[in-house]
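The values are calculated or read from the model by the stated rules, or taken from the named source; none is laboratory data. Since the structure is predicted, the reported quantities are computational estimates derived from the model, not experimental observations. For neighbour counting, all protein chains shown are included, and Cβ atoms are generated from backbone atoms with ideal geometry for every residue, glycine included.
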Amino acid sequence: MENYMELIIPSYSRNESFARSVVGAFLTQLDPTLDELNDVKTAVSEAVTNAIIHGYGNNGGEIRILSKITNNIFEVKIIDQGKGIEDIEQAREPLYTSKPEMERSGLGFSVMEGFMDEVEIISKVGTGTQITLRKKFNSVPSGH
Amino acid sequence: MENYMELIIPSYSRNESFARSVVGAFLTQLDPTLDELNDVKTAVSEAVTNAIIHGYGNNGGEIRILSKITNNIFEVKIIDQGKGIEDIEQAREPLYTSKPEMERSGLGFSVMEGFMDEVEIISKVGTGTQITLRKKFNSVPSGH
Amino acid sequence: IGEIRRYLRDNNPIRVSRSLRDVAYKALQVRDTLINRFNREPTVSEIAKELEIEREEVVFALDAIQEPVSLFEPIYH
Ligand SMILES: Nc1ncnc2c1ncn2[C@@H]1O[C@H](COP(=O)(O)OP(=O)(O)O)[C@@H](O)[C@H]1O
Ligand SMILES: Nc1ncnc2c1ncn2[C@@H]1O[C@H](COP(=O)(O)OP(=O)(O)O)[C@@H](O)[C@H]1O
Ligand SMILES: [Mg+2]
Ligand SMILES: [Mg+2]
């Protein structure tokens, strides 16, 4: 099975749950369980929240979400044209946050890594950030 | 309230229900009644089906869906780059269909007009079609 | 019938926010039922089929009862 979709939304925090649901709805083609669905949605939620809070801060901007299904591989890219990440290795570290004053946990990337098979980060300061999340779905529901 | 979203999908018929439910989810920001939600989803469904069947026929292509909320006005554009409509007035006529052999009802545009406040058709043969649907929501959500 | 429909529309407008919550709670109940029936986690399509709704609608309904916050964020703010 092959399919894809692209979603563009302004970086308002109220669009975070919309984006997450749209990706979840798209994923239903692979017929996940609710737990699998929640894992992907949680990971997407972290990446979109990062684009809103860190990428754009208080400045407006657009978030692009590209999702693709190739056989049983699910992929989603979350792309912003915000401020970018200076040190990607540091950003990946559990508990690292550049906004401790905002009570951020610094666990966003750890959550993405825990819930997905692959997490790729491409980022350039002043240009933006592209997060790619991938997960393989093996589940063949029995009896249909 | 102001918000917008853009969704791009390949013109597969299985994406019709996905597109419809994404637009429905976007509309929930205005907290419509169930009837209002179903009206909009039905209209969107007709326009997306038209893009798939008439716009692209058996050829692949992309469908763009742009939706915008400005105060209590809901707008959604369904855009294809398919074959276009030769005679727009004729296409709008109830029961007119260019594919009677496919058992089309010819009621798609009538449904859109019945369920929405405004239906705009812009189309050029060989270039594509853009349908704009608009509806005003007066409903003030009670108690939340 | 048109009159009645209009009357119902004007006087009993069920808001989507309410209806989504109802669907979500039903989906969670159905999930439990199906776990017992199949002895495994049901898939989203199986839940949707049981509720006679589209699978995408299950997702949007469940999200309606979830707080739109990042996992480790404080819930107040
Ligand atoms: N889209 C982004 N744009 C700019 N910086 C980012 C982006 N995503 C993550 N970062 C940086 O990576 C750090 C770690 O992210 P994360 O693990 O999600 O923790 P938190 O969001 O709690 O700070 C952030 O504090 C931020 O400095
Ligand atoms: N996106 C489109 N691209 C090309 N032609 C279209 C498109 N949408 C509608 N049409 C034309 O308008 C006619 C009427 O559309 P509609 O009222 O939905 O009836 P039906 O789809 O049942 O034919 C179609 O038969 C087709 O010729
Ligand atoms: Mg984060
Ligand atoms: Mg039609």
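Here are the numbers for this structure:
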quantity	calculated
Among residues of segment A:81-130, those that are β-branched (Val, Ile, Thr) and over 24 Å from A:ILE8 (Cα atoms), counted	2
Condition met for A:THR28 (of a type in the set (Val, Ile, Thr), buried (at least 19 other Cβ atoms within 10 Å of the Cβ) and under 19 Å from B:GLY24 (Cβ atoms))	yes
Cross-chain or 6+ apart pairs with Cβ under 9 Å, segment B:8-26 first and more than 10 Å from chain C (Cβ to nearest Cβ), then part of a loop (DSSP other than H, G, I, E, B) and surrounded by fewer than 20 Cβ atoms within 10 Å (Cβ to Cβ)	B:PRO10/B:GLY60; B:PRO10/B:GLY61; B:SER11/B:ASN59; B:SER11/B:GLY60; B:SER11/B:GLY61; B:TYR12/B:GLY60
Residue list for segment C:14-36, filter: within 17 Å of A:ASP31 (Cβ to Cβ) and more than 7 Å from every other protein chain (Cβ to nearest Cβ)	C:ALA27, C:VAL30, C:LEU34, C:ILE35
Subset of segment C:39-64 (residues that are facing another protein chain (nearest Cβ under 7 Å) and among the small types (Gly, Ala, Ser))	C:SER45
Boolean, C:VAL16 is under 29 Å from A:GLU36 (Cα atoms) and at pLDDT below 95	yes
Failed condition for A:ILE9, given (1) in contact with a Lys or Arg (Cβ under 7 Å, 6 or more places away or on another chain); (2) outside any helix (DSSP H, G or I)	(1)
Within segment B:4-31, considering residues that are modelled with pLDDT under 95 and closer than 18 Å to A:ASN15 by Cα, the one farthest from ligand 4 (Cβ to nearest atom)	B:ASP31
Yes/no for A:GLY57 being in a loop (DSSP other than H, G, I, E, B), surrounded by fewer than 17 Cβ atoms within 10 Å (Cβ to Cβ) and in contact (Cβ under 8 Å) with a residue 24 or more places away in the chain	yes
Check on A:LYS41, at pLDDT 95 or above and within 12 Å of chain C (Cβ to nearest Cβ)	yes
Matching residues, segment B:114-133, being of a type outside the set (A, V, I, L, M, F, W, C) and either surrounded by fewer than 16 Cβ atoms within 10 Å (Cβ to Cβ) or closer than 12 Å to B:ILE88 by Cα (or both)	B:GLY114, B:ASP117, B:GLU118, B:GLU120, B:SER123, B:LYS124, B:GLY126, B:THR127, B:THR129, B:GLN130
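Conditions (1) touching a helix residue (DSSP H, G or I) at 6+ places or on another chain (Cβ under 6 Å); (2) among the β-branched types (Val, Ile, Thr), marked per residue:
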| residue | (1), (2) |
| --- | --- |
| B:ASN3 | no, no |
| B:TYR12 | no, no |
| B:ALA19 | yes, no |
| B:VAL22 | yes, yes |
| B:LEU27 | yes, no |
| B:ASP31 | yes, no |
| B:LEU34 | yes, no |
| B:VAL40 | yes, yes |
| B:GLU46 | yes, no |
